[in-house]
Amino acid sequence: MPKISDERRTDRRRQIIEAAQRCFMRNGFEATSMADIIAESGLSAGSLYVHFENKVDIIRQVASEVLTERAVDAAAIVTRDPLPEPSQLVAEYLDRLRTGAGSEIRIHTWSACLRDPELRSVFADFAAQFARLHETYMRTWLEQQGLDTATAAHRAAPLVQVLRGICQGFVIQLALDPKADPDTYLSGVRWLDFGTSAQEDGS
């Protein structure tokens, strides 16, 4: 029997992952069976099990890809000139939700992390990476707004937590509320000063 080339193997894995994503977005992780993924992929059961041991293995791969996509986006932020305002970053994130994997797959990923310690560990590693990248962005942006280096460094980490919370909150709204409007949400974000005021820290 001829060996499968590396390129062919990669294409097969991609085909399975994309099929699984579609199933997960429609039905969630729990309600999706291996039979559903096999049918969606158009491959045989034997072909699928060559690449993935079970559904949990596929879930971990799908979640990892969602996180990797976000990490690439986060890394690109700090190289942009000029740096975008925080509200612009939120706007871009919302646009990706409309055109990319969507809010549902993110919520399913978060839920899976609560049940799978290994996946939660992967998520935690990515979260730490996101935090470092976003803090670098926020510190630099605050300095460009006129804050001194020490104040910018002091405010960066707390502001990044808030910024992430704003994005995560919208993911939940978009998934659960059919009337949630990205433009209305964004208009509120634009009214926030994101730490540029002269107010004393802790007051």
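Elements of the type helices (runs of 4 or more DSSP H) sitting completely within the range 107-203 and holding at least 3 residues that are within 23 Å of G28 (Cα to Cα), under 15 Å from the mean Cα position of the chain (by Cα) and at pLDDT 80 or above: these cover 117-144, 149-176.
Applying a threshold of 7 Å to beta carbon distances and a minimum spacing of six or more residues, or different chains, the list of pairs starting in the range 118-139 at a residue that is closer than 29 Å to V56 by Cβ and ending at one that is among the β-branched types (V, I, T) and in a helix (DSSP H, G or I) reads A131/V160; L133/I77. Residue pairs whose Cβ atoms lie under 7 Å apart, sitting 6 or more positions apart in sequence or on different chains, and linking a residue in the range 171-188 that is without any contact (Cβ under 8 Å) to a residue 24 or more places away in the chain to a partner that is open to solvent by 60 Å² or more (accessible area, probe 1.4 Å), are A180/Q173. Looking at H108, H154, just one residue is more than 20 Å from Q88 (Cβ to Cβ), open to solvent by 70 Å² or more (accessible area, probe 1.4 Å) and either in contact (Cβ under 8 Å) with a residue 40 or more places away in the chain or in contact with a Ser or Thr (Cβ under 8 Å, 6 or more places away or on another chain) (or both), and that residue is H154. Within the range 46-66, being open to solvent by 50 Å² or more (accessible area, probe 1.4 Å), within 20 Å of I105 (Cα to Cα) and not in a helix (DSSP H, G or I) holds for one residue alone: N54.
If you take the residues of the range 20-40 that are in contact with a Leu (Cβ under 8 Å, 6 or more places away or on another chain) and either outside any helix (DSSP H, G or I) or within 17 Å of R60 (Cβ to Cβ) (or both), which of them is most open to solvent (accessible area, probe 1.4 Å)?
It comes out as M34.
For the range 2-42, the set of residues classified as in contact with a His (Cβ under 7 Å, 6 or more places away or on another chain) and among the β-branched types (V, I, T) consists of I16 only.
Residues that are in a helix (DSSP H, G or I), hydroxyl-bearing (S, T, Y), at pLDDT below 80 and in contact with a Leu (Cβ under 8 Å, 6 or more places away or on another chain): does the range 90-106 have at least one? Yes; the residues of the range 90-106 include at least one that is in a helix (DSSP H, G or I), hydroxyl-bearing (S, T, Y), at pLDDT below 80 and in contact with a Leu (Cβ under 8 Å, 6 or more places away or on another chain).
The values are calculated or read from the model by the stated rules, or taken from the named source; none is laboratory data. Bear in mind the structure is a predicted one, so any value in this text is a computation, not a measurement. Ideal geometry is used to build each Cβ from the backbone, glycine not excepted, and the neighbour counts take in all protein chains shown. Remember, those area values only see protein heavy atoms, side chains included, never the ligands or the DNA or RNA. Shrake-Rupley method; radii C 1.70, N 1.55, O 1.52, S 1.80 Å.
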